[in-house]
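Heads up, the thing below is written out as structure tokens.
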Amino acid sequence: MSDTSPVSKPMFVDEADITARGGDGGNGCVAFRREKFIPKGGPSGGDGGNGGSVYCQADESYNTLQHLAGHHHWHGQRGRHGMGKNCHGKNGEDVVILVPPGTIVYDAEYDLLLKDLTEPGQRVCIASGGKGGRGNVHFKTSTHQAPREAENGEPGTQRRVHLQLKLIADVGLIGKPNAGKSTLISRLSAARPKIAAYPFTTLTPCLGIVELRGFRRFVMADIPGLIEGAHAGAGLGDEFLRHIERTRILVHVIDLCPPEGDPVEDYRTIRGELEQHSTELAARSEIIVANKTDLTGADEQLQRLREKLNTDVLAISAVTGDGLERLGEHIWRQLHDGETAG
């Protein structure tokens, strides 16, 4: 008999700690010209190459930091030493750590923000390579024509770095577990989250692109279901609350016919979690969506919900598709201040 229960630990990784060290610079060379008919050739020691640096760069190929698991140390390549005949040592190769757009890079020791990588291609140097040392050719003077000194390369810098991912989306779906958020995003976009009848079906945030008529589109994020006490770590905890901090609009999905509980209290519970996590987040524009209008008793619950909340509530059925086009247009108008398809 197959086990259909959810896995106990989400595979989505949105935080990582790494140590980066730039490559050391190569040493300068002590050398002299040794050529036929030139018995007293001057100094010809080349400079050492610069060490490679370590960078973090946003790349659309990634949507999680999971690929960094088990790889905590990153090193730039050392610069090659200088050589005779004024040959410059080869510079060390840089190391580029690819991370998802939306990754925030901190200096872990000083809790200092280095860069918020919001756009693909953005990068930040987290550990600089050391400068190569000068060869003895630089130390020649009119009174010191055969210098035998050269500089050692400088060591590369080392830094402990904390990476934190906050998904970038226009719209964030929030609500209690099994409110129908996964079904909704799967109907509005090409996203295919896991959907089942047990709580916490969604264990990882899921992004989907919603396309409307007139070549209009926006990005929607399905955030794992929240429960009472999430801000303090209950359930899946507050680890996913930060993923809606970048969203411009919150779409609060309410199950009109929950197996347990009450739609009105479910709404108030989630609102309380948002306010305790961040007052700024709680003040964000919100669209309230009543889901599962296709179920028996939904009409009475919808009327009661509207009366208790005393605000606009959009009614939909993510399963049948009823009201989804109206919802998409409503979200677009809020995102674009009343703009409609031309």
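In this entry, residue 5 passes the filter for residues that are at pLDDT below 90 and over 22 Å from residue 139 (Cβ atoms). Might you check whether a residue that is in the same structural domain as residue 221 (by TED's automatic domain parsing) and either under 28 Å from the mean Cα position of the chain (by Cα) or more than 25 Å from residue 189 (Cα to Cα) (or both) occurs anywhere in region 289-296? Among the residues of region 289-296, at least one is in the same structural domain as residue 221 (by TED's automatic domain parsing) and either under 28 Å from the mean Cα position of the chain (by Cα) or more than 25 Å from residue 189 (Cα to Cα) (or both), which makes the answer yes. The residue that is surrounded by the fewest Cβ atoms within 10 Å (Cβ to Cβ), counting only those in region 317-342 that are modelled with pLDDT of 90 or more and among the small types (Gly, Ala, Ser), is 321. Meeting the requirement of 2 or more residues that are more than 23 Å from residue 244 (Cα to Cα) and either touching a residue at least 40 places away in the same chain (Cβ under 8 Å) or of a type in the set (Lys, Arg) (or both), the helices (runs of 4 or more DSSP H) wholly within region 266-342 are 298-309. None of 41, 45 is surrounded by 20 or more Cβ atoms within 10 Å (Cβ to Cβ) and either in a loop (DSSP other than H, G, I, E, B) or without any contact (Cβ under 8 Å) to a residue 60 or more places away in the chain (or both) except 45.
Looking across region 73-126, the residues that are in a loop (DSSP other than H, G, I, E, B), in contact with a His (Cβ under 8 Å, 6 or more places away or on another chain) and crowded, with 16+ Cβ neighbours inside 10 Å come down to 82, 89. With respect to the conditions (1) in contact with a Pro (Cβ under 7 Å, 6 or more places away or on another chain); (2) surrounded by 14 or more Cβ atoms within 10 Å (Cβ to Cβ); (3) modelled with pLDDT of 90 or more, residue 60 falls short on a single one, namely (2).
Please go through region 148-164 and pick out each residue that is under 25 Å from the mean Cα position of the chain (by Cα) and more than 18 Å from residue 112 (Cβ to Cβ). If the condition is that a residue be under 25 Å from the mean Cα position of the chain (by Cα) and more than 18 Å from residue 112 (Cβ to Cβ), then no residue fits. Here 142, 182 are screened, and the one residue that is surrounded by fewer than 16 Cβ atoms within 10 Å (Cβ to Cβ) and not in a strand (DSSP E or B) is 142.
The values are calculated or read from the model by the stated rules, or taken from the named source; none is laboratory data. It should be emphasised that the depicted structure is a prediction, and the values quoted were computed from it without experimental measurement. All Cβ positions, glycine included, derive from the backbone under ideal geometry; neighbour counts span all protein chains shown.
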